[in-house]
Each structure stands twice: as structure tokens, then as C-alpha cells.
1. For Ala171, all conditions in the list (1) touching a residue at least 40 places away in the same chain (Cβ under 8 Å); (2) open to solvent by 10 Å² or more (accessible area, probe 1.4 Å) hold save one; what is the number of the exception?
2. Consider only pairs whose beta carbons are under 8 Å apart and that are at least six residues apart or on different chains; among these, list those whose first residue lies in region 266-279 and is within 22 Å of Asn358 (Cα to Cα) and whose second residue is aromatic (Phe, Trp, Tyr) and open to solvent by less than 30 Å² (accessible area, probe 1.4 Å).
3. List every residue pair whose Cβ atoms lie under 9 Å apart, where the two residues are 6 or more positions apart in sequence or sit on different chains, the first residue falls within region 492-520 and is within 21 Å of Arg469 (Cβ to Cβ) and outside any helix (DSSP H, G or I), and the second residue, located anywhere, is modelled with pLDDT of 75 or more and of a type in the set (Ser, Thr, Tyr).
4. Does Ser124 meet the test of being assigned to a helix (DSSP H, G or I) and without any contact (Cβ under 8 Å) to a residue 12 or more places away in the chain?
5. Could you tell me whether region 287-300 includes any residue that is under 23 Å from Val216 (Cα atoms), open to solvent by 10 Å² or more (accessible area, probe 1.4 Å) and not small (Gly, Ala, Ser)?
6. Being modelled with pLDDT under 90, out of contact with any Lys or Arg (no Cβ under 8 Å at 6 or more places or on another chain) and either open to solvent by 70 Å² or more (accessible area, probe 1.4 Å) or part of a helix (DSSP H, G or I) (or both): is that true of Asp357 here?
7. Would you pick out the residues in region 131-150 that are open to solvent by less than 10 Å² (accessible area, probe 1.4 Å), part of a helix (DSSP H, G or I) and not hydroxyl-bearing (Ser, Thr, Tyr)?
8. Filter region 468-485 down to the residues that are crowded, with 17+ Cβ neighbours inside 10 Å and either of a type in the set (Gly, Ala, Ser) or under 20 Å from Leu419 (Cβ atoms) (or both) and list them by number.
Amino acid sequence: MTAIHVALAKVLKTSGNMHCLTDNSGKNMVEVVWQEFGNFIKSQATSLTPPIVLGSVAAALTLCMAQFASGPIDGLHEAALGLFTYFTCNDAVNTLCSVHYSISLLSEYEGSNNLSQLCPSYESHFISSWLSALVIHGNSEEIKCLTPLVMNLRAAKDAVQQPQMCPFSNAASFAKGIAENFANITSFSERMIYRDTAIHYFSTLDKACGTLLKKVPPPDFLSSVVDFIGCVFYFCHSIIYIKSRPACPLSSLLSTVVLPTNVYSVEKSLSPALLAALAQNIPKIVCGLGALSLSQDPYLVRCLKDLFTHYIHRFPIKTKKDYTTVMHPFIICLHNADMKEENLLEVQSIFLEVVRDNYISKRGVTSMHLQVVLSLLVELMLRSASEWVSSMVAFLLCPLLELLLAVEDQVTKRCATDLLQKILEAAEQQTSPSRNELVEKIRKFVLHHVSWSSHRLFRVLGVMGVINRALIVDCLPHIADAVKRAEEKRGTGLDHTLRQGYQSLLSRLGLTNCVAEDKT
């Protein structure tokens, strides 16, 4: 087998010089090689261990067929184009074989002129193949050899002004440069043309990531890959997402890297290396999604909700690492996010909606998960109470009071009480929400629970009275009214349990008034 490959390489090297002949002997030789060995080359390229010289042989054959083709309708031209797309675009081809193929075309044979005639979009094929190979093989010697060749392509030069030694640094710079070029285009038609070209660069990243994640890559390598994917989301979100294309790169990358099937199961854990890599890049991913007009796209809102729901409990709030404090990634993307204010407010609202519906108001949530969520909310309030208090009152005040009404776990209860304290203290210092808004929410809460959970209700109101006495004093007329309404509905006269609870609340507030008894 090796002897056949060596002989074929020599024949192709000789045929590559046949352009100097005036007869058709060179073309005839290339046609024979293609007919006899074409299928063999393609089949070997999909094997797990293809011959090392196979990529170079295929590259030489591609250029020879392109050279001797008399025109676009010539059979050799079609064969050359098919072989080129097969080695640069086919996922079944061994990745290193594809890398060797690209290196040979871009260096040994200097075939750019022939390639531009063969396939006008050949640069996008090379770049896409390079990025996919980078994800799978990282800083291998083959990738280090291919990267500077790709950086010499015109499309790469337009995006990366100063190439680096590290392939991953070049890939991140390339993503940033592509996004900047796209943003600088003012003509709508030119933007669409540029996007259609640029989206192809990232079109196979999801499959490459899927291949990588099936293995157990070294943590540093996995971190570099996820860092690059984070850059693609952060810089190129407007390029990789097209609402009318369900299979666009953004959707595929989300389902492969960020929201794989196992993340939806609370019982299943993700690998520590992947979690560590995602912790550094979830803020970039959230910023990228947040910049895509979420209010007009239910799919993106659902993806963001899933991300918040299934990752909020997978990271600690604070950890110490190398003498520095590492924060929960949601704190970064919700508090220090680099996005427009209106987009940030939209992301914050989605986050609070997830917390309300999937944690605080949901039955069956584990105490540990609840504690993480509540502690995260406290941390956000500590960082910027004025920024969060209005939205937390709107989304979480009543669900939080109902949680305190039902929770038995003491640690969870303490976390919930801490959050309630932060909210009420911040509300006392702000003009929004107004005191009337707070009183109205508490009035509805009391009316809903006074008939069936009076003992726990007055206990929660007592805690609130300690935190913000003036607020509960303002609520007393509504609480007294709720007690009398409950008695009237029952039709059994005075309810001593309700009145004792109310009197106990008054005592905790330092008051002595009582509910006026109905003499009738």
C-alpha cells in the first residue's frame, strides 16, 4: 500500500510538469490516475489512519486536474472541484488528512491561481476547515504549520492585521476582525453578501466541537476551544445567527457546547473541565445573545432561559483561586456586562423571570439549589441595590414571601430572609418602587393566605416588621381588614386564632391597638 502511494506521488509530481508539453499526454496521464485511484483516495481519506502522504497526493491531483481542464464543463474541472470540496468540507474526511491537503495546496504547490479559477470561494473553504481542525487538534504541529498559510489569505489579512504565534489567538482575532468589518459596511446588500460569506467560516464548528467533547481533552486545550467559541458568540453574534435559518451556526453551537442534552438533567453532571471553561465564557455568550433583539425572538429568549435555568446552580457564588476571588459567571454578565443598557435590562428581566418560575415559586426544588439562587440574588443586591430593587420587587417579592411561608429548611430560610432584608432596606432608600406599590403587594399576599396559613403568615409579617417597621405599620389597616373578611366568609363569628396572631404582630411592632370587634 505504501509503495502504491509513493509511486502515485511520483507520477503526480511528474504530471504536474506536463504543462510544458504540447500534446495531451499530461492530461491523459492525469485522467488515468483519477479514474484508477480517485475512489481509492477518497475512501482512504475517511479512514481512521489514512496514509500520511494521502493529503499531499490528493492536493497534487486536484491541481493537476484543474491545470489540464479545458474549461468549466470539462470533466477534469468537475472532478477537481469535487475533490477540493470533498477534502475541505466533508466531515467524514479525517481531519489531519484534510489539514495535510490544505498545507500542500497553500504551500508546496502554490496553487492559488488555479484554485481561484477552480473555486472562487476557495478561501472560505480553507478558513472553515482550519477553524474546525483547530478545535479538534489545537496547537498541534500540523495546525501551527497551517495557521500562517491561512493568515496569508486575503480574507484573513483583511480581518487580522497582526497575526500571532498562537493559532487560538489568531482565531479569536479573526472572529473580532470579521465582526468589525461587518459592522463597518453601510450598504444593506453588501452586508448581506459579506454575511453569507462570513457565516461559512463558522459553519462546521459545531460538528468539530461535538467531536472534541466526545473525548476527554486536556483542560487547557478545552479551555482554549471554549474561549474561542465565546469570542465567536461575543463578536460575531450578528453573523452566525439568522432567524430564518434554524440550522445557523449559533443554534448549532448552543445545542452542542452550551446546552447539550445532559445539561437538562439535574442529576447528570458536566465534566469539571468543561464547567471551568464555560464559567469564563458564559458572560460572553450571554452578551452575544443579549445583543440580538431578544424581545422579537422567542427562540433566543428560550435559549437564554435554559442557560440561566440549568447553569445557575452549577457554579459556586464565590471561590478562592490563586489568591483571587472567582465570582459566579452570572454576576459578571448581569452586573458588569458589556452591552447596551436596554439589552442588559432585558437580560436581567429574563433572569429574574427564570428565578421566579423555576426556583422560588416552583415546588420540589432542592434546598441546595435554592440556597445558591438566593445567595446569588443577595450578591447582586450587594453590588448594586439601586439597580436591582425595582425589578426584584416586581418579580420576586410575593414569591419570596410565599417561600418564607412554606420553607422548613433553616439554612434556606436564612438565605431567603437575607434577600428579603436587602430588598426592603433598598426599597426604603429608593423612590421606586413607591411605598404604595409595596403596601399593595403585601395586601394581596395577606388576603391570599390569611384564611389558611395564618400562623405562618403572621410570623413572616413579624420578620418584615423587624426589617422595615414603617412599611408593616402602613399595612396594618389592610391586615386588619383581611382578618375581618376571613371571619365574615367563615360566618362563625370572631376567630380568636386570627386575632391572636394579629395582636402578636402589634406587640412586635410596639403597638396596642386591636381589631375592632363587631358587636352585632
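1. Failing condition for Ala171: (2).
2. Listed by first residue and then by second, the contacts come to Leu275/Phe315; Leu278/Tyr311; Ala279/Phe315.
3. Cys514/Tyr502; Val515/Tyr502
4. Criteria not met by Ser124.
5. Within region 287-300 (the criterion being under 23 Å from Val216 (Cα atoms), open to solvent by 10 Å² or more (accessible area, probe 1.4 Å) and not small (Gly, Ala, Ser)), the answer is no, since none of the residues qualifies.
6. no
7. Within region 131-150, Leu131, Ala133, Leu134, Val135, Ile143, Leu146, Val150 qualify.
8. If the condition is that a residue be crowded, with 17+ Cβ neighbours inside 10 Å and either of a type in the set (Gly, Ala, Ser) or under 20 Å from Leu419 (Cβ atoms) (or both), then Asn468, Leu471, Ile472, Cys475, Ala480, Ala482 are the ones that fit.
The values are calculated or read from the model by the stated rules, or taken from the named source; none is laboratory data. Not measured: the values here are computed from a predicted model. Cβ atoms come from the backbone with ideal geometry, glycine included; neighbour counts cover every protein chain shown. The area values use the complete protein model at the heavy-atom level, side chains included, leaving out ligands, DNA and RNA. Shrake-Rupley method; radii C 1.70, N 1.55, O 1.52, S 1.80 Å.
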